[in-house]
1. Using only the alpha-carbon atoms of segment 52-144, report the extent along each of the three principal axes, biggest first, to the nearest angstrom.
2. Please state the charge dipole magnitude for segment 136-256, taken about the Cα centre, from unit charges on C-beta atoms (+1 on K and R, -1 on D and E), reported in debye and rounded to the nearest 20.
3. For the chain, build the charge dipole from Cβ charges (+1 Lys, Arg; -1 Asp, Glu) around the Cα centre, then report which of A40, L60, S142 sits farthest towards its positive end.
4. Normalising by the residue count of the chain, find the relative contact order in percent from Cα pairs under 8 Å and 6+ residues apart.
5. What does the helix-only formula give at 222 nm for the chain: each DSSP H stretch with n ≥ 4 adding -39500 (n - 2.57), the total divided by the residues, and the result rounded to the nearest 500 deg cm²/dmol?
6. For H83, H96, write out the residues from largest to smallest accessible area, computed with a 1.4 angstrom probe and no ligands counted.
7. Report ³J(HN,Hα) in whole Hz for each residue of segment 58-70, in order, from the Karplus equation J = 6.51 cos²θ - 1.76 cosθ + 1.60 where θ = phi - 60°; Gly and Pro get x.
8. Please go through segment 186-239 and write out the trypsin sites (Lys or Arg not before Pro) that DSSP classes as loop and that have at most 14 other C-beta atoms within 10 Å.
Amino acid sequence: MMRKPFVCGNWKLNHNLAETRSILGEMKNSLAGVQQVEYAIAPVATVLAAACEQVKGSALHIAAQNVFYEKKGAFTGEWSVAHLTELGCDYAIVGHSERRALFNESDEIVARKVKACMEGDLIPIACFGENLQQRESDLVKSVVTAQVKSILGVVDSEAAERLILAYEPIWAIGTGKTATAEQAQEVHMLVRALITDQFGQSVAEKIRIIYGGSVNADNAATLMAQKDIDGLLVGGASLSTASFCSIVKSASVLRA
Ligand code: PGA
């Protein structure tokens, strides 16, 4: 079974409407014809409708940076899975460490969001990863296992292969400190084993596990050369057309 690599640019709180339209237009053109890789950009929520319009008919997809788990009701400031799919969004980042830390998203909330996406035709890019203190205290395995099990616990085995998991060691995000390819591979291999325990080998071979944390045009290929790294979640280096497109191109290799 071959896994198609997936690269997602996470723009966080950057780029206004005009910038979004113009950069997405450039990316769409620059990536036309690039095969064997799926790619998406996650812009600010207020420009999602325009972003979806801008990329229509191209291979560039749009992801949301967040989504709420309820379908409707008294939840001021939130939006549902259906609000995103009606715009044309295909993915949502769920449980990014900034949301866990700054907006108090617990494993339980993250799991509910993953479940809502799976039920509603939106592909969740479910994030997990340890902080520096946990790494230094040798807690990577236990922290990652708890976070991943909580996500897998709400996923139906038939739909499981749609899930995308994103390992983002918090100490590597926005710091310029990338995990070495070997450090990342070690965790990805652990996660693939957790998926195998829960769903069996054939599902585990289909689920994409992507890496994020100071990915750039220079380190993307080395990370992608690892057996269990199936794509990249890119923050800072996704803000400009040249570096994002270069990263997508270096990820365009099928995973055995
Ligand atoms: P970074 O961010 O690439 O700027 O480190 C990654 C992320 O937060 O998804």
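1. Largest first, segment 52-144 extends 47, 35, 22 Å along its Cα principal axes.
2. 240 debye
3. L60
4. Relative contact order here is 24 percent.
5. -12000 deg cm²/dmol
6. H83, H96
7. My calculation for segment 58-70 gives 10, 8, 7, 9, 10, 10, 8, 8, 6, 7, 9, 8, 7 Hz in order.
8. Sites meeting the loop and neighbour criteria: K227.
The values are calculated or read from the model by the stated rules, or taken from the named source; none is laboratory data. Bear in mind that the values here come from a model prediction, so they are computed numbers and not experimental data. Counting neighbours? That spans all protein chains shown, and the Cβs are built from the backbone with ideal geometry, glycine included. Note: areas computed on protein heavy atoms with side chains; ligands, DNA, RNA excluded. Shrake-Rupley method; radii C 1.70, N 1.55, O 1.52, S 1.80 Å.
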